[in-house]
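To start, the structure itself, in structure tokens.
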Amino acid sequence: MELFKVRVDAVREEAHGVRSFSISRVDGLPFEQYEPGAHIDVTGPSGITRQYSLCGDPECVESQVFAVKKEEQSRGGSRSLHEEVSIGTELSVGAPRNLFKLEEGASEHILIGAGIGITPLLSMAYRLAARNARFTLHYFARSERHAAFMTLLTRAPFESHVKLHFGVQRDALPAALDACLRDAGPDAHVYTCGPAPFMDLVVDRAQAHLPAESIHLERFKAEPAPTVEASLDSFDVQLASTGQTVHVDAKTSIVDALASIGIEVDTSCGEGVCGTCMVDVVSGEPEHRDHCLSKAERASNTVICCCVSRSRSPVLVLDL
């Protein structure tokens with residue numbers, strides 16, 4: 001995985017417990033352009049790597065911006081970035097990856113975020129505003145104090161597209177989301193990011209108005225995996241290029257099994273969230289335990305996240 005050394009040029013308090021970091025490359029070169037919704041790996045002073053959505057203008061190649069919420073139960077990632085990073089600090093970041101892209105053919109875009117979930121939606125808003133596309137950004141937060149990027153969101157070019165929803169109680173949330181989605185046209189697409197229960201509710205309400213393939217979401221972290229009865233305790237993985245086979249037992253991931261025979265698959269989150277370890281499936285039936293593939297990708301069984309997923313068939317042939 002390609003890494004870049006970057007320097008922190010600005011640190012801003014965006015909301016209670018949320019800081020944004022503007023970075024530039026130490027070598028002075030521009031960043032590659034990225035599509036809105038992308039995220040990067042960030043390795044902080046603690047040495048821990050975490051994934052953060054890019055939330056700046058995707059047309060800007062001189063700098064990138066990401067934001068971090070300091071988690072109360074931080075294992076060192078967000079805490080290190082909040083407490084040990086200042087202007088001039090050097091970090092390592094990866095190239096942008098995107099599993100949360102805007103649908104080019106949509107007639108309108110409905111962005112629905114909660115809390116720190118505003119971050120990937122903000123980069124989408126930059127792109128949509130620049131193209132004069134039809135879009136609305138609904139932002140749910142506990143209060144204005146907990147809402148990030150308010151200075152940006154309440155001025156041009158975003159102000160006329162943004163609807164703020166502060167202090168909506170849990171029992172009132174379904175009705176509030178229905179109101180956000182009521183006027184969605186048949187070719188609209190919905191994008192949501194935020195806490196898992198919030199996104200699950202957005203998806204549930206959106207499906208009353210739109211087909212599943214028109215609803216897109218981005219998860220921050222993996223939820224506990226459900227018990228899957230159909231998957232096998234052990235199975236074989238075969239390399240399509242050579243026919244070489246490796247056994248994967250109940251306590252070994254596909255990534256680790258492949259590494260044991262010298263086949264390195266890039267990984268990052270290790271939780272099936274970031275998509276770094278996706279590999280094409282040639283034959284066999286994967287047991288998907290990730291949190292990044294779309295419903296269509298899962299149904300097609302043509303790709304698998306090797307860090308967490310398993311197999312329903314005795315042999316899984318991968319395009320390696």
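The values are calculated or read from the model by the stated rules, or taken from the named source; none is laboratory data. Keep in mind that this is a model prediction, so the values were computed, not measured. Reconstructed Cβ throughout: ideal geometry from the backbone, glycine too, with neighbour counts over all protein chains shown.
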message: Among the residues of the stretch 167-188, are any within 23 Å of the chain's Cα centre (by Cα), outside any helix (DSSP H, G or I) and modelled with pLDDT of 95 or more?
response: yes
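Okay, residues lined up against (1) closer than 30 Å to Leu102 by Cβ; (2) not in a strand (DSSP E or B):
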| site | (1), (2) |
| --- | --- |
| Val281 | yes, no |
| Asp290 | yes, yes |
| Leu293 | yes, yes |
| Arg298 | yes, yes |
| Ile304 | yes, no |
| Val308 | yes, yes |
| Ser313 | no, yes |
| Val317 | no, no |
| Leu320 | no, yes |
message: Quick check on the stretch 70-89. Is at least one of its residues β-branched (Val, Ile, Thr), under 15 Å from the mean Cα position of the chain (by Cα) and buried (at least 17 other Cβ atoms within 10 Å of the Cβ)?
response: no
- line: Checked the stretch 50-82 for anything modelled with pLDDT of 90 or more and more than 14 Å from Pro96 (Cα to Cα); matches are Glu62, Ala67, Val68, Lys69, Lys70, Ser78, Arg79, Ser80, Leu81, His82
task: Read through the list (1) surrounded by 21 or more Cβ atoms within 10 Å (Cβ to Cβ); (2) part of a loop (DSSP other than H, G, I, E, B), then give the number of the only condition that Ser268 fails.
output: (1)
- prompt: Which one of Asp200, Asp187, Asp236, Asp183 is of a type in the set (Asp, Glu) and loosely packed, with under 12 Cβ neighbours inside 10 Å?
  reply: Asp183
- prompt: Within the stretch 113-121, is even one residue aliphatic (A, V, I, L, M), surrounded by 21 or more Cβ atoms within 10 Å (Cβ to Cβ) and under 20 Å from Val6 (Cα atoms)?
  reply: no
- request: Working carefully through the options Gly105, Gly113, Gly117, find the one that is of a type in the set (Gly, Ala, Ser) and assigned to a loop (DSSP other than H, G, I, E, B).
  value: Gly105
message: Based on this model, can you work out whether Thr276 counts as modelled with pLDDT of 95 or more, closer than 26 Å to Thr119 by Cβ and in contact with a Gly (Cβ under 9 Å, 6 or more places away or on another chain)?
response: no
- prompt: Hey, does the stretch 123-133 have a residue that's modelled with pLDDT under 95 and out of contact with any Gly (no Cβ under 6 Å at 6 or more places or on another chain)?
  reply: no
